[in-house]
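**Student:** Take this structure first; my questions come after.
The values are calculated or read from the model by the stated rules, or taken from the named source; none is laboratory data. Predicted, not measured: the structure shown is a model, and the values here were computed from it. Note that we place each Cβ from the backbone using ideal geometry, even for glycine, and neighbour counts take in every protein chain shown. For the accessible areas, the whole protein counts, side chains as well, though only heavy atoms, and no ligand, DNA or RNA atoms are used. Shrake-Rupley method; radii C 1.70, N 1.55, O 1.52, S 1.80 Å.
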Amino acid sequence: MAYHPFKDHASWKMLIGGELVPGSAGAPLEVMNPATGEVLGQAPSASESDVADAVAAAEGAFASWRWTLPEKRGEMLYEIARRIRAHFDELVDLETWENGKPRAQSARDVTNAERTFRFYAGASDKFYGHTVLDAPDEMRKIVYEPYGVVAVIIPWNWPPMHTADFSALALATGNTVVLKPAPETPLSSLRIAELAADVLPPGVLNVVTGGVETGVQLVAHPGIDFIAFTGSDRTGEKILTEAAKRILPSMMELGGKNASVIFPDADVDKAVAGMLRSAYFNSGQACSGSERVLVHESVYAAFMERFTSAVAGMVVGEGFDERATVGPMVTKRQQEKVQGALERATAAGARVPARAEVPTAGRLKGGFWIPPTVITEAAPDAEIMTEEVFGPVAGVIPFKDEDEAVSIANAVDFGLTAGVWTRDLAIAHRMATRIEAGVVSVNRVNTGELGLPFGGYKRSGVGRKKDFLEAMRSFSRVKAIQMALPE
Ligand code: NAD
């Protein structure tokens, strides 16, 4: 029997200054079951004074956290990882309820959250400064210092992993955190905060739940020293505009319109399996997924035959149904957004050679379903081929040669990930060099590996996470110290 977030958990509270507190805003957040469209229950909603209390708590905790021995900080992050593992099944069920994704995909996400805390636990005491020149009478060194209070604002697509990635990184580098999860999926973050509450000193990690308004209040708060944002490029632009007024440093992990390019010598079966994973995992609500599939014209027919039949056969259903590999959209709004993009694409002449079935009867009738869909014959500069859809939709485009593939792949405003499928090392190398994206994967799907820097070019963002050096430096300010020594 699955753990139920409202039957098996007494009441949901935010974490402020080490205390679990109810939100003091008027209306609580409604947590929905995306597979049925029903309300599951209510979560707290932060008022402006809750946000101010959380920032004050994080400011107060910073003075001692920044000087806590990195090894000690690491031990606490390990303990949080251990507790996530100890509550694994419960967290997997929680995410499946609030986000709707298949349980196996939630399990991967919770595992990623655990591994991220473990990774940055180990990183915290291995991050050093440098000595530039050590002369007998002068010392010059470079040190990395934490910024102070980091506002972490995250979306709803991988709630446990997003809770972990910037928070663990910020804490490992000696910063304190005020985290705001997405209003659609607040419970995973609240539960992880609850598990961490008596591990960390009070105020080191704070979680406030709410919607856009809470995010705006957090960004505007003068006590914030750094903003770490994951979400859409449009929201990123608004936050950067606010940050610019205070010259506030920030990290932006934004959207994508990623291309995978399949060459004639590729293993077509592997490429098909890769595209099923890349375009439809998490119902296509993945910033790193391939919404554009570029296929060389000589293998186009062979690829399409296998791809369309595999997509048409995908099993869509609720996350607790073990046969389902694709779940619902997270919200009615997201469902309507994707539906609208599909309607405009077909009205503009795109074809739909394959579409899976979705549940239409019984208790799942009201779920936020969008069938896994293949689109063809859309112009490379059509909206469906240039704007992020963030749903289970792959647009397939034939190409003639390498130059054309590069020019189509790069002809969008985004540059998060890209895929190249070929056995030819020279093609793989040239494509990886020429494609404008922060992560390029060859003959495999990007799955956001820990240890590799993750982040985007162009409107896909600024800064890197998930690795050691780039990420740790992104969350630190650099100080140069030069010291003439007494004779
Ligand atoms: P969104 O930008 O609407 O919201 C993200 C978060 O920002 C939410 O917590 C929201 O409440 C908050 N927010 C919204 N407006 C705000 C404002 N003006 N000030 C402060 N906070 C505000 O994004 P979404 O629809 O929740 O998520 C989907 C987007 O996230 C997609 O574009 C996707 O590509 C992107 N994403 C990027 C990555 C990455 O690592 N690059 C990962 C996952 C998702």
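**Student:** Report Rg/Rh for region 106-222, rounded to two decimals, where Rg is the Cα radius of gyration and Rh the Kirkwood radius.
**Tutor:** That ratio is 1.09, to two decimals.
**Student:** Can you compute the helix-only [θ] at 222 nm over the chain? Use -39500 (n - 2.57) per DSSP H run of at least 4 residues, normalise by all residues, nearest 500 deg cm²/dmol.
**Tutor:** -12000 deg cm²/dmol
**Student:** Ignoring ligands, DNA and RNA, please state the percent of accessible area on region 346-487 from carbon and sulfur, probe 1.4 Å.
**Tutor:** Looking at region 346-487 in its full context, I get 53 percent from C and S.
**Student:** What chymotrypsin sites (Phe, Trp or Tyr not before Pro) does region 94-138 have in DSSP loop regions with at most 15 other beta carbons within 10 Å? Intermediate results must be reported in sequence, preceding the final value.
**Tutor:** Details: sites: 97, 117, 119, 120, 127, 128; in loops: 127, 128.
When the chymotrypsin sites (Phe, Trp or Tyr not before Pro) of region 94-138 are filtered for loop state and at most 15 Cβ neighbours within 10 Å, 128 remain.
**Student:** Still on this model: How far, in degrees from 0 to 90, does helix 268-280 lean away from the longest principal axis of the Cα atoms of the chain, to the nearest 10?
**Tutor:** Computed tilt is about 60 degrees.
**Student:** Read phi for every residue in region 237-254 and hand back ³J(HN,Hα) as whole Hz from Karplus 6.51 cos²θ - 1.76 cosθ + 1.60, θ = phi - 60°, with x for Gly and Pro.
**Tutor:** 4, 5, 5, 5, 5, 5, 4, 4, 4, 10, 6, 8, x, 7, 10, 10, 10, 10
**Student:** Please turn the phi angles of region 138-147 into ³J(HN,Hα) values with the Karplus equation 6.51 cos²θ - 1.76 cosθ + 1.60 (θ = phi - 60°), one per residue in order, whole Hz, x for glycine and proline.
**Tutor:** 8, 10, 10, 9, 10, 10, 10, 10, x, 6
**Student:** Enter the per residue convex hull volume of region 240-309, computed from alpha-carbon coordinates, in Å³ rounded to the nearest integer.
**Tutor:** Numbers: hull volume 7.9 nm³, N = 70.
Looking at region 240-309, the number lands at 112 Å³ per residue.
**Student:** Next up: About the Cα centre, and with charges only on the beta carbon of Lys, Arg (+1) and Asp, Glu (-1), how big is the dipole of region 240-358? Nearest 20 debye, please. Working shown, then result.
**Tutor:** Values: 14 positive and 14 negative charges, 107 e Å.
That gives a dipole near 520 debye.
**Student:** Would you mind checking the pairs 13/458; 180/245; 126/180; 180/365 and listing those with alpha carbons more than 30 angstrom apart?
**Tutor:** Cα-Cα > 30 Å for 13/458; 180/365; rest within.
**Student:** A further question follows. Which loop chymotrypsin sites (Phe, Trp or Tyr not before Pro) in region 1-79, with loop taken from DSSP, have no more than 14 other Cβ atoms within 10 angstrom of their Cβ? Spell out each step's value before the answer.
**Tutor:** On the way: sites: 3, 6, 12, 62, 65, 67, 78; in loops: 3, 6, 12, 67.
Within region 1-79, the qualifying chymotrypsin sites (Phe, Trp or Tyr not before Pro) (loop, at most 14 other Cβ atoms within 10 Å) are 67.
**Student:** Can you list the trypsin sites (Lys or Arg not before Pro) in region 387-487 that are in a DSSP coil and have 16 or fewer other beta carbons within 10 angstrom? Before the final figure, lay out the partial values.
**Tutor:** Numbers: sites: 400, 423, 430, 434, 444, 458, 459, 464, 465, 466, 473, 477, 479; in loops: 400, 423, 444, 459, 464, 466.
Sparse-neighbourhood loop trypsin sites (Lys or Arg not before Pro): 400, 423, 444.
**Student:** If one takes the longest principal axis of the Cα atoms in the chain, at what angle in degrees, from 0 to 90 and to the nearest 10, does the Cα axis of helix 48-65 lie?
**Tutor:** Its long axis makes an angle of about 60 degrees.
**Student:** Same structure again: Can you check what the Kirkwood hydrodynamic radius comes to for region 1-131, Cα pairs only, in Å to one decimal? Before the final figure, lay out the partial values.
**Tutor:** Working: mean 1/r = 0.0580 Å⁻¹.
17.2 Å is the Kirkwood radius here.
**Student:** Working out 0.36 nm times the residue gap between residue 410 and residue 360, then minus their Cα-Cα distance, what length gain in nm do you get to one decimal?
**Tutor:** In short, 14.1 nm is gained.
**Student:** What ranking, highest mean first, results for peptides 174-186, 276-288 when packing means the other Cβ atoms within 10 Å averaged over each residue?
**Tutor:** Ranked by mean Cβ neighbours within 10 Å, highest first: 174-186, 276-288.
**Student:** With no solvent and one equal point scatterer placed on each C-alpha of the chain, evaluate the Debye formula and give log10 I(q)/I(0) for q = 0.08, 0.12 Å⁻¹, two decimals.
**Tutor:** At q = 0.08, 0.12 Å⁻¹ the computed log10 ratios are -0.49, -1.06.
**Student:** List the residues, sorted by chain then number, that are 5 or more residues from residue 395 or on another chain and whose placed amide H is less than 5 Å from its amide H.
**Tutor:** Amide H neighbours of residue 395: 292, 293, 375.
**Student:** Also, I was wondering about something else. Angle between the Cα long axis of helix 332-347 and the longest principal axis of the chain, 0 to 90 degrees, nearest 10?
**Tutor:** 40
**Student:** Any idea what the dipole of the chain comes to, in debye rounded to 20, about its Cα centre with Lys/Arg Cβ at +1 and Asp/Glu Cβ at -1?
**Tutor:** With only Lys, Arg, Asp and Glu charged at Cβ, the dipole is about 180 debye.
**Student:** Then there is this: Just to be sure I understand the curve: with the Debye formula and one point per C-alpha of region 354-487, what is log10 I(q)/I(0) at q = 0.09, 0.10, 0.20 Å⁻¹?
**Tutor:** Here log10 of I(q) over I(0) equals -0.43, -0.51, -1.26.
**Student:** Please report Rg (one decimal) and Dmax (integer) in Å for the Cα set of region 427-478.
**Tutor:** So, for region 427-478, Rg and Dmax equal 12.3, 39 Å respectively.
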